[in-house]
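FYI, it's all coordinate maths here, none of it is from the lab. Predicted, not measured: the structure shown is a model, and the values here were computed from it. Counting neighbours? That spans all protein chains shown, and the Cβs are built from the backbone with ideal geometry, glycine included.
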Amino acid sequence: MKRTGIAGLGLAALLLAGGAAWWWQQADGNGAPQYRTAPVGRGDIVSTVSASGTINPVGSVSVGSQISGQLRQVLADFNDEVRAGQVLARIDPETFRHRLAQAEADLVATRAQVAVQQAQIEARRADLARIDVNLDESRRDLARKRDLAERGFISPAEAEKAASLVRAQEQELSAGRAAIEVAIAQRRNTEAVVRQREAAVAAARVDLDRTVIRSPVDGVVIKRSVDAGQTVAASLQAPELFVIARNLRDMQVDTSIDETDIGRIEVGQKASFTVDAYPGRRFEGKVSQLRMAATNVQNVITYNVIVTFSNAEGLLLPGMTANVRIVSERREDVLTVPNAALRLRIAGLTDRAEAPMDAPAGQVAQAGAQGAQGAQSAGQGARAQAGGGGSAPGSAGERGRTGRLWLLEGGEPRAVEVRVGLGDGTSTEVAAPGLAEGQQVIVGVAPPGARGRRELRMFR
């Protein structure tokens, strides 16, 4: 009997627990959905584009060497302020001095050769003048002898002999003139060689001058890559010895903006950024350049955007990582709602609200039935879906489109069609007739029966 009584008490307790659980579920499940709301606000909306970048000087110059040799002196170090023309380093000049001396000696020898050729030309011109004088005298003698031969005073042989002398002197004169032309051409060739030797001397002097490495600009040495005694090898590319920043008071941030956001960036837009070295401090700048050359990294297209800023305090250093926010657009004194309000879907109600106003009753009923079926599958009541695919409210792709809000009036939701404006990631600008600040907009729904199920799990 005792065993039978204990079994009866256990069965009664079990029945009581099951009945209580069923009562909690039914009582809460048949109740109204619990809506989470937020007021319609009014204020400013600022749309920004976020990116990361690197701080660099506005202008920097890489100082290299155009010649090879051993560094004898290094006269500049990190963080040194230098002026244009200041000596930074010296390369051993002995080899280049010898090359200059050799080039100068070759030039002197070639100039002497030109002088010799010019003297030869003058001597041949003197010989040519003498031949010309003799030729004139022989021609006069030939004319006289021909006259005497015609009168019979001398034999014709004497006249022919004089004619042969004239022909010989004419040939000698022609040969002398040709020889002078050849000598002049040789002199011109040697003069060209002189100009080559002069160019070689100038090049040797330039190379000798290049053994002294000078700063091309005023600035600060931010990088030194060599030490005294190191050999510099300049072949196809000039080796980098120093990097000089022209100005560390005016600097820039090189940022990479995704192609989906580049359409929102314009020159002159305000920007701000932070660096890890100074947490909690924000620096201001502006967009100064948008470079059109795209960068493709693993099929991700980005564009380089330059943000310039003043570094008057000298806090920021080249190479620091900056987290940049560029203000792409700003709207003042507009109505705003949380983004969750624009994403909200209430099963059953949303389907009926999306049905066309002139749709047949059967279609509306079908939409309502589909909504009810969706509600049953999600928890026997209304449910909310926030997020999902597509563009965020207020983004460039959604701006200017229409959306739907659910206002809570008298405990019941009412759909309102709104025009979506600018968004800042958390709130979005909206506009609609009759929409006013302070109205309660639904941002979430707790499915009916959720409390009952929680209580049932706790009871178990």
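Key figures
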| read-out | value |
| --- | --- |
| Simple label model, 7 Å out from Cα along Cβ direction - Val87 to Ala233, nm | 2.8 |
| The stretch 144-197 versus the stretch 111-130: alpha-carbon centroid distance in Å | 18 |
| Cα centroid separation, the stretch 292-335 to the stretch 62-78 (Å) | 35 |
| Environment charge of Ala178, counting only residues whose C-beta is closer than 14 Å and scoring Lys/Arg +1, Asp/Glu -1 | -1 |
| Net lengthening on full extension, Ala112/Arg214 (0.36 nm per residue, minus Cα-Cα) | 33.0 nm |
| Difference of contour (0.36 nm per residue) and Cα-Cα distance, Ile301 to Glu137 | 49.5 nm |
| Residue-by-residue Karplus 3J(HN,Hα) for the stretch 140-156, coefficients 6.51, -1.76, 1.60, Hz, glycine and proline x | 5, 5, 5, 5, 5, 5, 5, 5, 5, 5, 5, 7, x, 7, 10, 7, x |
| Vicinal HN-Hα couplings computed from phi for the stretch 45-52 (Karplus, 6.51 cos²θ - 1.76 cosθ + 1.60; Hz; Gly/Pro x) | 10, 10, 9, 10, 10, 9, 7, 10 |
| Three-way shape call for the stretch 67-149 based on the alpha-carbon gyration tensor, with the a/c threshold at 1.5 | prolate |
| Length added when fully stretched, Ala277-Arg331, from 0.36 nm per residue minus Cα-Cα | 16.2 nm |
| Cut-off under 5 Å, modelled amide H: who pairs with Ile301 long-range | Glu259 |
